[in-house]
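K.L.:
What follows is a structure written as structure tokens; I'll ask about it next.
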Amino acid sequence: MFAIYGTSGPIYQGTLENLPRISPVARRGPVIAARRVGDQIEETVIPTDSGATEASALGSQAVEAYKSMLPQNIERGPLYHANQIMQRQLVTVNADDDVARAWRVLVEHQIHQAPVLDSGQRLIGIVSERDLLTTLNVDDGQVRDVLAKRVSDVMTTPVVAASPVTDIRRIARVMLDRDVDGVPIVNDAGTLVGFVSRSDIMRAVVTDPPLSIWR
């Protein structure tokens with residue numbers, strides 16, 4: 001189950017399938033590597049001689065031989081929910097905090113984003129390093145040239161949140177579809193109880209035994 005929280009409170013509560021009906025917050029696209037003028041894309045030439053055909057046949061035989069040795073039903077372990085992998089020791093910032101203080105909070109705790117709460121401790125957004133760097137400069141680890149801005153001026157809102165029993169496959173899908181690095185976890189009362197980041201999901205992927213979600 002997912003919800004979207006904005007400055008005015010809950011905007012949406014429902015399933016992942018209905019979430020696309022809510023317009024995502026516009027974000028900058030990924031950086032594309034520059035190509036020098038005159039550079040050419042190399043084309044792959046596929047050989048058509050008999051030697052290439054024989055090599056392809058041998059490769060197929062090797063793959064089939066490997067598959068035949070694999071067990072037919074591999075138990076991959078339990079299916080993880082958000083409450084099994086989420087961070088419970090939360091680091092948050094307030095909407096009224098100045099951007100320099102929010103930056104220090106992220107650096108001190110070595111995190112890249114933090115949920116934003118209003119004066120009533122309700123979730124209203126999320127703020128990232130990228131958001132804060134639009135209002136300040138960092139020189140040799142020191143904050144300089146800070147604009148007179150509050151977290152509420154630069155945070156991303158509304159923000160998508162999930163319930164504690166949400167399947168992490170669906171949380172990963174939201175991260176991809178909405179281009180976000182983390183999803184806050186809220187209980188039925190709307191209280192922030194955890195946070196799932198991309199790093200948390202990656203740690204779950206390498207957990208032994210592997211996850212059944214990747215079967």
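The values are calculated or read from the model by the stated rules, or taken from the named source; none is laboratory data. Since we're looking at a predicted model, the values are computed, not measured. Note: ideal-geometry Cβ built from the backbone for every residue, glycine included; neighbour counts use all protein chains shown. Accessible surface areas use protein heavy atoms only, side chains included; no ligands, DNA or RNA. Shrake-Rupley method; radii C 1.70, N 1.55, O 1.52, S 1.80 Å.
K.L.:
Asp145 fails exactly one of the following numbered conditions: (1) modelled with pLDDT of 90 or more; (2) under 22 Å from Ala100 (Cα atoms); (3) surrounded by fewer than 16 Cβ atoms within 10 Å (Cβ to Cβ). What is the number of that condition?
P.N.:
It fails just one condition, (1).
K.L.:
In this structure, does Gly120 turn out to be open to solvent by 20 Å² or more (accessible area, probe 1.4 Å), of a type in the set (Gly, Ala, Ser) and modelled with pLDDT under 90?
P.N.:
The answer is no for Gly120.
K.L.:
Determine whether Val151 is under 15 Å from Asp98 (Cβ atoms) and among the aliphatic types (A, V, I, L, M).
P.N.:
So Val151 passes the test.
K.L.:
Okay, next question. Can you give me the ranges of the strands (runs of 3 or more DSSP E) entirely in the range 88-198 with at least 3 residues that are touching a helix residue (DSSP H, G or I) at 6+ places or on another chain (Cβ under 9 Å)?
P.N.:
113-117, 123-128, 182-186, 192-197
K.L.:
Just name the residue that is modelled with the lowest pLDDT out of those in the range 199-208 that are among the aliphatic types (A, V, I, L, M) and either part of a helix (DSSP H, G or I) or touching a His at 6+ places or on another chain (Cβ under 6 Å) (or both).
P.N.:
Applying the filter and picking the extreme gives Val205.
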